[in-house]
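This report refers to the structure that appears directly beneath it.
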Amino acid sequence: MIPVVPQLEPTDFEARVGRKGADYLKIVPNPNSKQFANHAYWTEVLPDLMQLYNENCAYSGLRLTKKAKEASVDHYLSKVENPNEAYKWNNFRLCNCRINGWKGINQVVDPFTIQPDWFYLDFNDLEVKVQPHIDLITKAKLEIDIEILRLNDRSFVDYRAEWYIRYNSGEATFTIVEKDAYFVAFELKRQGMIV
């Protein structure tokens, strides 16, 4: 995981999402997941999130493809537990659909507030790990977050490995890796491995 810079909400966000959501919450102030599904106005801004965040998942740092329908809007604060945050731009994170499902209502570290030296990519096994200098309590929490989000799921490790190999073999430039596997590029640069 790497820090993600929050982007400004689109100028028409309130018209497309905010007001409709607020009106719905006046009628149903504490919707359950099924009730929210019929009023998922946040999906209106998924294309905006894709553009503003360069199609990168906020948690994995991997590119989300439109063809595979991998992208989703994560509610950083669970919409069921925090309905008043359900239709607010600052609660949305662009997210891989599977990661979003795994996260569920769990409270994990926020990509908007993490520090660049909390996590690293171990190029020996291409797994996301917590930096050894982190205090033990924070480290334990961050390691649990890696497990909740399944950041070392085989498919993600394989994807990172593919881009690492392509870069090292000269098949892909750093710029291309940066676009398709931003976390890999971030770590190559941070660890002084750019050739």
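Here are some notes:
- Selection of first residues in the range 111-137 that are closer than 15 Å to PRO3 by Cβ and of second residues that are hydroxyl-bearing (Ser, Thr, Tyr) and assigned to a loop (DSSP other than H, G, I, E, B), restricted to Cβ pairs under 8 Å at least 6 apart or on distinct chains, gives the following pairs, ordered by first then second residue: PRO111/TYR59; PHE112/TYR76.
- Selection from the range 56-100 of residues that are in a loop (DSSP other than H, G, I, E, B) and free of Cβ contacts under 8 Å to residues at least 40 places away in the same chain: LEU64, THR65, LYS66, LYS67, ALA68, LYS69, GLU70, TYR76, LEU77, SER78, GLU81, ASN82
For every residue, the table says whether it meets (1) in contact with a helix residue (DSSP H, G or I) (Cβ under 7 Å, 6 or more places away or on another chain); (2) crowded, with 18+ Cβ neighbours inside 10 Å; (3) part of a helix (DSSP H, G or I).
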| position | (1), (2), (3) |
| --- | --- |
| TYR120 | yes, yes, no |
| ALA140 | no, no, yes |
| ILE148 | yes, no, yes |
| ILE165 | no, no, yes |
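- Residue list for the range 26-54, filter: over 23 Å from ILE2 (Cβ atoms) and either in contact with an Asp or Glu (Cβ under 7 Å, 6 or more places away or on another chain) or surrounded by 17 or more Cβ atoms within 10 Å (Cβ to Cβ) (or both): PRO31, PHE36, HIS39, TYR41, TRP42
- Where PHE183 falls short, out of the listed (1) in a loop (DSSP other than H, G, I, E, B); (2) within 29 Å of LEU8 (Cα to Cα): (1)
Here, each number is a calculation from the coordinates, and none is a lab measurement. Note that this is a predicted model, so its numbers are computed, not measured. Methodologically, a virtual Cβ is constructed for each residue, glycine included, from the backbone with ideal geometry; neighbour enumeration extends over all protein chains shown.
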